[in-house]
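Notes for the one structure printed next.
Each value in this text was obtained by applying a stated rule to the coordinates, not by laboratory testing. The shown structure was predicted, so the numbers you read here are calculated from the model rather than taken from an experiment. So basically every Cβ, Gly included, is an ideal-geometry build from the backbone, and we count neighbours across all protein chains shown.
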Amino acid sequence: MSKICLCLTGKTLAHDLEIIEHYRKYIDLVELRVDCLDPDEGFLIRRFPGMAGLPVILTIRRERDGGRYTGTEGSRVSLLAEGLANAFTDRRRNFAYIDLEDYLNVPSLEDAARVFGTRIIRSYHNITGVDEDIVGKLNSLRHTGDEIVKVAVMPQSFADVVRVFRAAQQTPDLEKILVCMGSFGIPSRILAAHFGSKFSYTAATGEFIGAPGQLNPRTLAELYRFRQITEKTRIFGITGLPLTVTSSPAIFNTVFALENIDAVYVPFPADSVESFLELAERLNMPGASVTVPHKESIIPWLASVSDQVRNIGACNTIIYNREGWHGVNTDTAGFSASLLNFIGKKNLRGKKVSIIGAGGAAHAVAAEVHRLEGKALVLNRTEIRAKELASRYQFAWNMLNRTGIEHIQKYSDIIIQTTSVGMAPDNDADPLALYQFSGHEIVMDLIYEPVQTTLLRRASDAGCPTCNGSDMLIRQAELQYKYFIGREFPPQFIARIHSLVHENK
Ligand code: ATR
């Protein structure tokens, strides 16, 4: 079982102790990053483990390894020795671990550590990439047999993360800490147990982040239920890039916890569908959500797809079966259930609809508008894509410019915005800036962060009924849940999930 380690990067020991108190119930041990302390504080570190009341790693990280220490190597070694001096017989008052880099060869330090029961973490950091031979690195790091090896690398692609995972699988018996830093590496922090890593390093909110990509200990412990993750835990997740705006982990992990299901839902920010699928298979994932920009590009990698996915050319859910990955689309039904509920109708008969955009989301929307017997106009920045999408259903089409926007007047019962324009952080952007709402249009924006886009605000100010994408998101997640878990989304939690998605924003 892997443990949660809080990386302490305060300027004073007193501040670090406050941070420990704030997170105590979420953490198992801390790493005292002496390189972040004010120089005078260095003389006091020896007393820190006794005050912390939980195991402490002593680390003085140099700049070249991603830390803040700029002094000489001699004074760094003296500081490390200071941390080991005058050991107490009560081992809890000594440092539990000392982090010594692979290039640091000071036998007296190692001997002192061993005598006083301080375990050595032999570390290697690559802050610019991932080494070719990770297995070789892991196997050659130890100076002596009782050291814990630590390899922290900076993936430049998701394929790098997969290489690290393979290395973990090839060294099952090695006592190690394995960290993929940066945004690609987030799965390695949540799934530290699967990466064979003894600790997952975390950062306190508002503090200097000890290494890029560290999560907050509370998020790890509460949202991802890190301490309950074992080999048996079923892993689900979402892949996309950059994956910064997603409520899906909050939705699924909350329901898994409420339902007491031994499963975790992890964000996998991936630049390559192929690499993500390799990791998903190695992790025995039963299913996953797929989002921008992979909804279309994932299709050729799947063994089979539903008729709907084939039709609209976009897949947002994959499930693993005997033949391989099967792709379905829950955006479609999520969208129409949300729209019909909002307008209080069973279909779109007689309705004239404007669809803004012609990407993956617009394909799902257009298919549903057609199925529900509505008539539509597709407006898109790139004309050819508008034309291609509209022609499938004999819809009208035009460019998303002044002339195109004039046509909305003839399709103004319902306006559905499907592009990413106006999504956080570009909250001011408005794809229909040239359109004046009259107040009779029903306006739906599939974006859910911000809660009210500029477009929705203008529509609402003009008196239009408006609806954002959070209801659609939850409805499509309910359908995914059924694919993933094999039973209905528990209806008693729907209200709770709605408030959670709103709170998150
Ligand atoms: P999704 O799956 O979310 O629909 P997508 O398939 O990449 O993502 O489609 C993005 C949509 O947003 C497209 O309609 C795109 O217009 P183009 O087809 O011209 O690329 C639209 N879009 C993205 N950025 C835009 C911008 N700055 N202005 C106008 N439309 C934009």
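Things to note:
- Degrees separating the helix 158-170 axis from the principal Cα axis of the chain, which is the longest one: 50 degrees
- Neighbour-count order for L54, L174, fewest beta carbons within 10 angstrom listed first: L54, L174
- Equivalent ellipsoid dimensions for region 332-468 as semi-axes, Å, which come from the Cα gyration tensor, largest first: 19, 17, 14
- GluC sites (Glu not before Pro) lying in DSSP loop within region 452-505, provided at most 11 other Cβ fall within 10 Å: E488
- Bridging of K25 to lysines at a Cα separation below 16 Å is possible for K3, once same-chain residues fewer than 8 apart are set aside.
- Rounded to 10°, Cα long-axis angle of helix 73-84 versus longest principal axis of the chain: 80 degrees
- Mean separation of Cα contacts under 8 Å, 6 or more apart, over the residue count of the chain: relative contact order %: 9 percent
- Partners of K346 within straight-line reach, counting lysines whose Cα lies under 24 Å from its Cα and excluding those fewer than 8 residues away in the same chain: K375, K410, K482.
- V266 long-range amide H proximity, modeled H, under 5 Å: F236, G237, I238
- The separation of region 265-321 from region 335-378, counted between C-alpha centres, amounts to 25 Å.
- Amide H contacts of T233 (H built 1.01 Å from N, under 5 Å, at least 5 apart or other chain): none
- The spacing between region 173-202 and region 473-494, judged by their C-alpha centroids, is 30 Å.
- H502, H125, H294 arranged by Cβ crowding within 10 Å, fewest neighbours leading: H502, H125, H294
- H498, H370 arranged by Cβ crowding within 10 Å, fewest neighbours leading: H498, H370
- According to the Kirkwood relation over distinct C-alpha pairs, the hydrodynamic radius of the chain is 25.1 Å.
- Cα-based reach from K137 at 21 Å (exclusive), listing lysines while leaving out same-chain residues under 8 positions away: K150, K176, K198
- Where a label projected 7 Å from the Cα of R166 along Cα→Cβ would reach, residues of region 126-146 with amide N under 12 Å: 132-135
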